[in-house]
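Worksheet: one structure, shown below.
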Amino acid sequence: MTSRRGFLKAGGLALFGIGIGGIPTFLSEAVAGIKAPGLFQRKKILVCIFQRGAMDGLMAVTPFTDQYLKAARPGLFMSAAKTTTGRPLFDLDGRFGLHPSMAAFEPMFREKRLAIVHGIGSPNNTRSHFDAQDYMESGTPFKKGTPSGWLNRAVGLMGHEAATPFQAVSLTSSLPRSLYGDNPSVAISNLQDFGIQMKGNQAGANLAARSFEDLYDETSSELLQHTGKESFDAVKLLQKTNTKNYKPANGATYPTSALGNSLKQIAQLIKMDVGLEVAFAESGGWDTHFNQGTDTGIFARNVNDLSESIMAFWNDMGTLQDDVTVMTMTEFGRTVKQNGTGGTDHGRASCNFILGNGVNGGVVHGKVSPLAVENLEDGRDLAVTTDFRSVFSEVAGKHLKINNSAAIFPDWEGTSIGVIKS
């Protein structure tokens, strides 16, 4: 007989919109007599955004004084000079410039609440999207079969049992690799209209094929015994909240994009106080092989959506900003030299962004050497000078108060780089 605990922990519970409306009957009935919660002591919250497809870090945050880059990108190079054709970069520090479509980020950098890490990437030099994402999300760059993700392991090291199934939530249609593992995690793509389905492994597929009411009938006593009152209170709160008519605070306006919608729903979960501590969202379209553009075009639209979505979320947080840190990640960067179709190909290092009141911001962290051929990895790519694990472990460790980086990232013995204040 399948236990409720096994049902919840078999790789994670996925809650997502499937067009049937509302919460399944057995869950509705199970929570019908529970009082509305004010249950969960507020804790720190980490929001991770995966930019799938490999963002060109050299265009997002450009070393605009580098003449080698200018020569390598005659059609893509951007300048911070006010007299340049098109919109100039925002000059951050005399060397690096922020893409003009990321204007929403510029004040946060000046206020020292936004940190940038350049030259970040994986020590594994694969240029396969699938493999690189898998290695980054598992947190084990040289082990293909790691069953758990680094965020799931982090959840298990927070020093307390989850009082809610919404401790770790991904606003995606299926559970991301980062949240695979034994610790409770859920995927919710739409708070307005959702059902329940297991992650797509064999055990989950067998469970999902059966009636959830039958499953509940088989395990109702154990469900009530192990899941606890708080879990049902949280589900009940989701059921009763008018998410469709949610009004963001402080005049925040979310882009009508997948990322904007995901972050808007994460904001709702945080404000609903259902015990959320780790949130995950995705941004796609970063594989810019063709017609990448400069101050307009595909890349400009993508970075505009990224920065506008994050800043809408940040403004929406208002007085909760002290509790929240946002971190982006991408599997690798793009080639230094542009290709023959106005784009860039798969490279190595990129950059990432960390936003929060506890961030050592206003700094472009990391090392980027002059982009002469002799300094490039394989003679073509921005070299990886900061292992992604040194940043991820520092953000998770200092923000979520986890003091066991070796358990989050086994086989890694590096040091942090100072992106979070002590």
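The values are calculated or read from the model by the stated rules, or taken from the named source; none is laboratory data. Since we're looking at a predicted model, the values are computed, not measured. So basically every Cβ, Gly included, is an ideal-geometry build from the backbone, and we count neighbours across all protein chains shown.
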Specify the residue that is farthest from LEU46 (Cα to Cα); the eligible residues are those in segment 247-291 that are crowded, with 18+ Cβ neighbours inside 10 Å and among the aromatic types (Phe, Trp, Tyr).
TRP286
Limited to segment 75-87, what total is found for residues that are under 16 Å from GLY297 (Cβ atoms) and at pLDDT 95 or above?
5
Mind counting the residues in segment 95-128 that are within 21 Å of VAL336 (Cβ to Cβ) and either free of Cβ contacts under 8 Å to residues at least 24 places away in the same chain or in a loop (DSSP other than H, G, I, E, B) (or both)?
9
The number of residues in segment 391-407 that are touching a Phe, Trp or Tyr at 6+ places or on another chain (Cβ under 8 Å) and surrounded by fewer than 22 Cβ atoms within 10 Å (Cβ to Cβ) is 1
Among the residues listed as LYS271, LYS247, the single one being basic (Lys, Arg) and in a loop (DSSP other than H, G, I, E, B)
LYS247
Residues that are touching a Ser or Thr at 6+ places or on another chain (Cβ under 8 Å), buried (at least 22 other Cβ atoms within 10 Å of the Cβ) and not in a loop (DSSP other than H, G, I, E, B): does segment 356-375 have at least one?
yes
Tell me yes or no: at least one residue of segment 126-136 is in contact with a helix residue (DSSP H, G or I) (Cβ under 6 Å, 6 or more places away or on another chain), under 26 Å from LYS421 (Cα atoms) and hydroxyl-bearing (Ser, Thr, Tyr).
no
Considering only residues of segment 233-290 that are without any contact (Cβ under 8 Å) to a residue 40 or more places away in the chain and farther than 15 Å from ILE188 by Cβ, which is nearest to the chain's Cα centre (by Cα)?
THR256
Out of everything in segment 351-397 that is within 17 Å of the chain's Cα centre (by Cα) and free of Cβ contacts under 8 Å to residues at least 40 places away in the same chain, what residue ends up being farthest from MET55 (Cα to Cα)?
GLY397
Hey, does segment 317-326 have a residue that's part of a loop (DSSP other than H, G, I, E, B) and in contact with a strand residue (DSSP E or B) (Cβ under 8 Å, 6 or more places away or on another chain)?
no
Answer yes or no as to whether LYS82 is of a type in the set (Lys, Arg), more than 30 Å from ARG153 (Cα to Cα) and not in a loop (DSSP other than H, G, I, E, B).
no
